[in-house]
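Everything below concerns the one structure shown next.
The values are calculated or read from the model by the stated rules, or taken from the named source; none is laboratory data. All of these numbers come straight from a predicted model, not from anything done at the bench. Don't worry about glycine lacking a Cβ; one is built from the backbone with ideal geometry, like all the others, and counts go over all protein chains shown. The accessibility values were calculated without ligands, DNA or RNA, using every heavy atom of the protein model including side chains. Shrake-Rupley method; radii C 1.70, N 1.55, O 1.52, S 1.80 Å.
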Amino acid sequence: MRKNIVAGNWKMNTTVPEGVQLAKEVNEAVAAAADLKCDVIVGVPFTHLTAVKDVIDMGKVGLAAQNCANHTSGAYTGEVSAAMVASTGANYVILGHSERRGYYNETAEMLKEKVDLALENGLKVIFCCGESLEERENGSFKDVIGAEIRDSLFHLSAEQFANIVIAYEPIWAIGTGKTATSDQAQEIHAFIRGLLAEHFGAQVADDTTILYGGSCKPSNAPELFAKPDIDGGLIGGASLKAADFMGIVTAF
Ligand code: PEP
């Protein structure tokens, strides 16, 4: 049985004290919530990982970095390796976010290397994919999403793939207030599950958690999460306020 997950992606927001405060609020709300139907993860800046780890109960709230290097160690000024992330106690890393692909030119090959290093260091990966507005409108979106998944993940064994969570995030819906309709999202989630079934087999596809991301909020989360192939969300803007984030966490 696959897990439902709601993961926050704080992006480049909050100072360390602000982030610690937000993490404490999420942790308390999760501890107080009875019978949650999903796992909860906070995806924080590198600078916050150690401090946030100290204020959350990791039995209840997972901890993610938002990136890691595609090299093991050495002369890569400013980079943070997967081993460094793992050494903070984080258990997840978000890879392939469209902001990283778009602003920092992350290629499928680099992401493949990052995925391998994350897994080698015991991190689970939240792997993002999704099409631009132009790709949605010209009809190439399934090809784009399929290539993103194939080119960075299909070299893995089925056993390794058990540590991958997919996040479908249409770029045109990220931070724009424009959410994909639940039918549009379901169509792509089912398409992704089909691709996984073809390559890894039905069991792996069925066991894989596929999250939706893109202007998800408490008001639209229930309809999205009610779809059979939508197993939760990767949440940007609405993860920066504990009450909004918890409104999504409790949407199942
Ligand atoms: C994201 O960037 O992962 C995201 C889903 O952002 P938002 O929720 O703000 O659209």
*With the condition kept exactly as written, say whether any residue in region 127-148 is open to solvent by less than 30 Å² (accessible area, probe 1.4 Å), farther than 17 Å from HIS97 by Cα and of a type in the set (Phe, Trp, Tyr).*
no
_List pairs: first residue in region 160-181 and within 13 Å of GLY130 (Cβ to Cβ) and open to solvent by 10 Å² or more (accessible area, probe 1.4 Å), second residue more than 11 Å from the ligand (Cβ to nearest atom) and assigned to a loop (DSSP other than H, G, I, E, B) anywhere in the structure, Cβ distance under 9 angstrom, at least six positions apart or on different chains._
ILE171/GLU131; ILE171/SER132; TRP172/GLU131; TRP172/SER132
*asked:* Residue under question is GLU223, and the condition is that it be within 16 Å of the ligand (Cβ to nearest atom), in contact with a Cys (Cβ under 6 Å, 6 or more places away or on another chain), open to solvent by 20 Å² or more (accessible area, probe 1.4 Å) and not in a loop (DSSP other than H, G, I, E, B); does it hold?
replied: no
*Between a first residue in region 29-43 that is farther than 15 Å from ALA242 by Cα and a second residue that is basic (Lys, Arg) and modelled with pLDDT of 95 or more, which pairs have beta carbons less than 8 Å apart while being 6 or more apart in sequence or on different chains?*
CYS38/LYS3; ASP39/LYS3
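Tell me yes or no: at least one residue of region 233-241 is within 14 Å of the ligand (Cβ to nearest atom), part of a helix (DSSP H, G or I), of a type outside the set (A, V, I, L, M) and open to solvent by 10 Å² or more (accessible area, probe 1.4 Å). Outline the logic, then answer.
From region 233-241, those within 14 Å of the ligand (Cβ to nearest atom) are 233-241; that's our starting set.
If we keep only those that are part of a helix (DSSP H, G or I) too, we end up with 237-239.
Okay, now just the ones that are also of a type outside the set (A, V, I, L, M), so 237, 239.
When the remaining residues are screened for being open to solvent by 10 Å² or more (accessible area, probe 1.4 Å), the result is 237.
Yes, the conditions are met somewhere in region 233-241.
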*Inside region 86-117, can you point out the residues that are more than 23 Å from ILE5 (Cα to Cα), open to solvent by 30 Å² or more (accessible area, probe 1.4 Å) and not in a helix (DSSP H, G or I)?*
TYR104, ASN105, THR107
*asked:* Take the conditions open to solvent by 30 Å² or more (accessible area, probe 1.4 Å) and more than 16 Å from the chain's Cα centre (by Cα) and apply them to SER157. Does it pass?
replied: yes
*Got at least one residue in region 192-204 being open to solvent by 10 Å² or more (accessible area, probe 1.4 Å), under 18 Å from ILE126 (Cα atoms) and aliphatic (A, V, I, L, M)?*
yes
*What helices (runs of 4 or more DSSP H), lying completely within region 118-201, carry at least 3 residues that are among the acidic types (Asp, Glu)?*
133-137, 141-153, 182-200
*When both residues are 6+ apart or on different chains and their Cβ atoms are under 9 Å apart, which pairs have a first residue that lies in region 1-25 and is at pLDDT below 95, and a second that is part of a helix (DSSP H, G or I) and away from the ligand (no atom under 11 Å from the Cβ)?*
MET1/ASP206; MET1/ASP207
*From the list ALA83, ALA75, ALA64, which one is open to solvent by less than 40 Å² (accessible area, probe 1.4 Å), at pLDDT 95 or above and of a type in the set (A, V, I, L, M)?*
ALA64
